[in-house]
Amino acid sequence: MYIVVVGAGSIGKRLTEIVLKDGHHNVIVIDGDQTKCEEVARKYDAVAICADATQEETLDESEIKKADVLVATTKDDATNLLVVSLAKNKGVKHLVSVVNQEESKPLYMEKSVKMVKSPDIVMAEHLYKSIKHPSIEEYMNVGEYAEIFRIPVSEESHFSGKTIEKIGLPKKSLIVAIERDHRFIIPTDDVELFSGDKVTVLAHKDQVDKVAKLFSE
């Protein structure tokens, strides 16, 4: 693939590294910071262009019309939006961008850009969830209305020894997997839970608090 990455910050550099490890891709990295571009050119088998990506001539220099995808990774939504707009006008079909502010989402949607939340936003959300539900280990949003998360069955849990059918999960919640002694179980209602199990739950967002409370009792 021919991939243009705008921004040579921590996200752009890490993305470049992952892409190049995955296969023989052509990666072009654009950033206005000379030091960052020199680092990219030194560390990776990628072309680094030190220039302003919001200028058409810079995208032309990157041979943007050959690109299979453009990824905007800067911390400024105005920059990302302008870059993806220019790339779209140049015929790039697949556009991906980091979204730094929630209020910017509609603008990205108008341009049919695949959106990825800023790591700062994701980290803040995870920290808050860790404060709110200390027993929950991992989280992932599933669209706007549901979450999938992993929660352990403690030694004191009254769930231990009960089947999934008998534990009384709230409506709009479902146990989708159980990890037990290095085994992965896709459960049915007659499967029993035991202390030490790690249970993956899919739940509507308004049921997460109830599920977490049940597992902590």
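S85 satisfies every condition listed in (1) surrounded by fewer than 18 Cβ atoms within 10 Å (Cβ to Cβ); (2) under 22 Å from the mean Cα position of the chain (by Cα); (3) touching a residue at least 12 places away in the same chain (Cβ under 8 Å); (4) in a helix (DSSP H, G or I) except (2). Starting from segment 6-18, take each residue that is assigned by TED's automatic domain parsing to the domain that holds D77 and list its partners that are in a loop (DSSP other than H, G, I, E, B) and surrounded by fewer than 20 Cβ atoms within 10 Å (Cβ to Cβ), counting only C-beta distances under 6 angstrom and pairs at least six apart or across chains. Pairs that qualify, where the first residue is assigned by TED's automatic domain parsing to the domain that holds D77 and the partner is in a loop (DSSP other than H, G, I, E, B) and surrounded by fewer than 20 Cβ atoms within 10 Å (Cβ to Cβ), are T16/Y44. Look at (1) on the phi > 0 side of the Ramachandran plot; (2) crowded, with 16+ Cβ neighbours inside 10 Å and you find that I175 fails only one, number (1).
If you go through segment 52-82 and keep only what is part of a loop (DSSP other than H, G, I, E, B) and among the small types (G, A, S), you end up with A53, S62, A67.
Taking segment 1-51 as the range and being charged (D, E, K, R) and either assigned to a helix (DSSP H, G or I) or surrounded by 14 or more Cβ atoms within 10 Å (Cβ to Cβ) (or both) as the test, the residues that pass are K13, R14, E17, K21, D22, D31, K36, E38, E39, R42, K43. Taking the criterion of being closer than 18 Å to S154 by Cβ, over 24 Å from the mean Cα position of the chain (by Cα) and of a type in the set (D, E, K, R), the residues of segment 166-193 that qualify are K166, R180, D181, E192. The condition of being loosely packed, with under 15 Cβ neighbours inside 10 Å, out of contact with any Pro (no Cβ under 7 Å at 6 or more places or on another chain), outside any loop (DSSP other than H, G, I, E, B) and of a type in the set (F, W, Y) holds for only one of F215, F149, F184, that being F184.
The values are calculated or read from the model by the stated rules, or taken from the named source; none is laboratory data. What you are looking at is a predicted structure, and each value in this text was computed from that prediction instead of being measured. When we count neighbours, we look across all protein chains shown, and the Cβ atoms used for this are built from the backbone with ideal geometry, even at glycine.
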